Amino acid sequence: MNFLPEEIDNYATEHSSKESELLYQLNRQTNIKVLQPRMLSGHLQGRILSMLSNMIQPEYILEIGTYTGYSALCMAEGLKDDGKLISIEIDPEIAEFAIDFIGQSEYSQKIHVHVGDAMEYIEQLESGFDLVFIDADKSNYPQYLELVYPKLKMGGYLIADNVLWSGKVAFPAKEKDIDTQVLQGFNRKLTDDKRFENILLPVRDGLMIARKVK
């Protein structure tokens, strides 16, 4: 889902840095072989994640929701030399697809994909994340926020994907549309939360960027 006219979106992509050949092939193979390829971060959002990671220069990144590994590879571009990225994926088949591509990259030794339930695994992780990217089941976004808060460094960044939810969040949610209701609550909560300062970018399906200040 893009909220800009296709011509403008294409123009923005054409005038942004190119994705690597590996990312191009990952993008292509995801669209050919994987269900719901629109879940992929894609070229423009991938370059945004890479740019943000390079600006932050993180040592420790947590990603909740690996999918096919595109976003992990993009964020790994900004890792410090001794940095590490932990990505959690609940679907073993999707994780295997991601691990294959990650294994072909120069960041293969920096990225660890854990297959399992993020709710259980996050509690086991050490604190000290510089950057957390949430792109998993939308119904648990508020819970993920609370789980990662104590693990996030002061001044660290949290990025949540799909917070516009195809534009549905801007309108009253239907009674049975739980995901839209949860995302509306998540966006309100984060905006009102004095522990963070935040900005919602209307890039693709919406990127919420928040910095821990308390």
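The values are calculated or read from the model by the stated rules, or taken from the named source; none is laboratory data. Here the structure is a predicted model, which is why all the values come from computation and not from measurement. When we count neighbours, we look across all protein chains shown, and the Cβ atoms used for this are built from the backbone with ideal geometry, even at glycine.
Among the criteria (1) out of contact with any strand residue (DSSP E or B) (no Cβ under 8 Å at 6 or more places or on another chain); (2) in contact (Cβ under 8 Å) with a residue 60 or more places away in the chain, the one ILE32 does not fulfil is (2). Selection over the stretch 146-180 of residues that are of a type outside the set (Lys, Arg) and under 26 Å from GLU123 (Cα atoms) gives a count of 18. Test LEU158 against the criterion of being surrounded by 12 or more Cβ atoms within 10 Å (Cβ to Cβ), within 14 Å of the chain's Cα centre (by Cα) and either modelled with pLDDT under 95 or of a type outside the set (D, E, K, R) (or both), and give yes or no. Spelling it out, LEU158 is indeed surrounded by 12 or more Cβ atoms within 10 Å (Cβ to Cβ), within 14 Å of the chain's Cα centre (by Cα) and either modelled with pLDDT under 95 or of a type outside the set (D, E, K, R) (or both). Picking from residues in the stretch 34-65 that are assigned to a loop (DSSP other than H, G, I, E, B) and over 19 Å from TYR157 (Cβ atoms), the one that is nearest to the chain's Cα centre (by Cα) is LEU40.
Within the stretch 185-192, can one find any residue that is in contact with a Phe, Trp or Tyr (Cβ under 9 Å, 6 or more places away or on another chain) and under 14 Å from PHE133 (Cα atoms)? No: zero hits.
Residues are listed down the side, and each one gets a yes or a no for (1) in contact with a helix residue (DSSP H, G or I) (Cβ under 9 Å, 6 or more places away or on another chain); (2) over 20 Å from ASN31 (Cα atoms); (3) modelled with pLDDT of 95 or more:
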| position | (1), (2), (3) |
| --- | --- |
| LEU79 | yes, yes, yes |
| GLY83 | yes, yes, yes |
| GLU93 | no, no, yes |
| ILE102 | yes, no, yes |
| TYR107 | yes, yes, yes |
| HIS112 | no, yes, yes |
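Scanning the stretch 146-168 for residues that are touching a Phe, Trp or Tyr at 6+ places or on another chain (Cβ under 8 Å) and closer than 17 Å to LEU52 by Cα yields a count of 7.
Counting only residues that are of a type outside the set (A, V, I, L, M, F, W, C) and in contact with a helix residue (DSSP H, G or I) (Cβ under 8 Å, 6 or more places away or on another chain), which one in the stretch 169-182 is farthest from SER50 (Cα to Cα)? Among them, the one singled out is LYS174.
Being at pLDDT 95 or above, among the polar types (S, T, N, Q) and surrounded by fewer than 17 Cβ atoms within 10 Å (Cβ to Cβ), is that true of even one residue in the stretch 172-185? For the stretch 172-185, residues at pLDDT 95 or above, among the polar types (S, T, N, Q) and surrounded by fewer than 17 Cβ atoms within 10 Å (Cβ to Cβ): absent.
Note on the stretch 40-97: residues that are without any contact (Cβ under 8 Å) to a residue 60 or more places away in the chain, charged (D, E, K, R) and surrounded by 19 or more Cβ atoms within 10 Å (Cβ to Cβ) total 2.
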